[in-house]
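The values are calculated or read from the model by the stated rules, or taken from the named source; none is laboratory data. It should be emphasised that the depicted structure is a prediction, and the values quoted were computed from it without experimental measurement. Don't worry about glycine lacking a Cβ; one is built from the backbone with ideal geometry, like all the others, and counts go over all protein chains shown. The area values use the complete protein model at the heavy-atom level, side chains included, leaving out ligands, DNA and RNA. Shrake-Rupley method; radii C 1.70, N 1.55, O 1.52, S 1.80 Å.
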Amino acid sequence: MRFMVLGSGGCASIPRATCSCPVCTQARKKGIPYARFGCALFLEDISLLIDTPEDINHSLNHWDIKAIDHVLYSHWHPDHTLGMRIFEQLRLNWCNDSVGIKNEKPIQVYGLPHVIEDIQAIRNKFGPYMYNYEKNHHLIRLQPVDREWVIGDIKITLIPVSNQISTVFVFEQTGKKVIYAPCNVKPFPDDPLFHNADLLIIGDTIPSEVAKNHFVIEKENKMRKYLFMMEEIESIKKQYGIRRVIVTHLEEDWGFSYDDYLEKEKEYENITFAYDGMSIDLTD
């Protein structure tokens with residue numbers, strides 16, 4: 001399996017508009033890897049995109065992605081869905097559409113049933129945006145998945161989080177196993193499938209108790225209820241015997257630059273931090 005991190009940013013991508021802090025200033029000057037697109041992952045083997053942040057068209061262009069045939073949604077939150085106009089960019093041909101020639105290769109859109117239901121609730125007074133893409137223009141085909149399915153030789157399992165919002169994904173191919181848990185996955189679900197994974201890519205993690213502008217995240221801070229601290233990531237890694245962890249969905253609020261994350265990695269064994277364009281190859 002070959003993955004690419006299209007975007008490693010959090011709710012606020014880096015640089016954050018109008019922000020002149022050192023991290024955002026450096027990102028504007030140096031670009032990637034100091035800059036970060038919204039959180040998205042691409043599975044090259046089957047041209048599968050996971051989530052559509054608002055800047056997904058820019059990141060797909062930046063990384064010169066040649067095809068998107070499948071889109072998988074983790075949950076409904078705006079920073080993971082509101083780039084859904086990418087379906088228009090990828091498949092809509094207004095000239096053909098104007099004379100009744102419909103798209104013949106709709107993008108397959110997957111998610112847990114409740115996630116698809118949540119996304120279909122994103123709408124205007126005329127109806128859901130997804131209905132317009134699927135029924136009016138034939139750009140997509142919605143396919144709710146209860147647990148697992150196979151594309152090519154890759155098995156994909158969807159595991160719901162108890163908060164009834166988000167999803168943890170498990171990808172398996174020829175003895176290799178990757179877990180992807182991008183956002184809102186605390187409390188982390190307990191599933192035997194997680195054991196002995198080669199890699200966990202996980203988001204919503206606070207890298208330090210001291211954030212941007214010297215803000216101290218105290219023990220009673222409510223963020224700790226839905227975001228992981230680094231010791232919790234270490235605990236998950238140990239509990240399931242996971243060989244390697246990559247932390248993604250990195251918030252601008254943490255005040256960490258690309259260089260800061262490289263320095264932070266030295267504190268841990270086989271735990272690293274994602275950056276845009278990061279290539280992950282498990283084919284060996």
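For this structure, a couple of remarks:
- Looking at the range 1-136, the accessible area is 47 square angstrom per residue; that uses a 1.4 Å probe and ignores ligands, DNA and RNA.
- Among beta bridges that DSSP assigns inside the chain, antiparallel share in %, nearest 5: 55
- About its Cα centre, the dipole of the range 229-284 is roughly 380 debye, where the only charges are +1 on Lys and Arg Cβ and -1 on Asp and Glu Cβ.
- Backbone geometry of the range 191-207 corresponds, through the Karplus equation with coefficients 6.51, -1.76 and 1.60 at θ = phi - 60°, to 3J(HN,Hα) couplings of 9, x, 5, 6, 5, 6, 5, 6, 8, 10, 10, 9, x, 6, 10, 8, x Hz, x marking Gly and Pro.
- Note on D64 and C21: the model spin-label points, each 7 Å out from Cα along the C-beta direction, lie 3.4 nm apart.
- Amide H contacts under 5 Å for F273, placed H, 5+ residues apart: V247
- The range 36-189: antiparallel DSSP beta bridges as a percent of all, rounded to 5: 65
- Whole-number percent relative contact order across the range 94-168, with pairs defined as alpha carbons under 8 Å at least 6 apart: 31
- Contact order relative to length of the chain, as percent, for alpha carbon pairs under 8 angstrom and 6 or more apart: 20
- Residue-span extension gain [F215 to S98] - 0.36 nm each, minus C-alpha spacing: 36.6 nm
- Virtual spin-label span in nm between K238 and K30, 7 Å along Cα→Cβ: 3.3
- Extension gain, Y131 to K225, is 30.3 nm, computed as 0.36 nm per intervening residue step minus the present C-alpha separation.
- Under the combined filter of DSSP loop state and at most 12 neighbouring Cβ atoms within 10 Å, the range 251-284 retains these GluC sites (Glu not before Pro): E267, E269.
- For the range 106-154, with +1 on Lys and Arg beta carbons and -1 on Asp and Glu, the positive-most of V150, V109, L139 along the dipole: L139
- Taking amide H positions as modeled 1.01 Å from N, with prolines and chain starts lacking one, the residues under 5 Å from I140 and 5 or more places away or on another chain are I107, E134.
- Charge-dipole axis of the chain as Lys and Arg at +1 and Asp and Glu at -1 on Cβ define it, positive-most pick from F3, L92, I246: L92
- Charge sum, other residues only, whose C-beta stays under 15 Å from K155's C-beta, Lys/Arg counted +1 and Asp/Glu -1: -4
- Normalised Debye scattering of the chain at q = 0.10, 0.12, 0.14 Å⁻¹ gives log10 I(q)/I(0) of -0.52, -0.76, -1.03, counting only Cα atoms as equal scatterers and leaving out solvent.
- Given charges at beta-carbon only (K, R positive; D, E negative), |dipole| of the chain in Debye: 540
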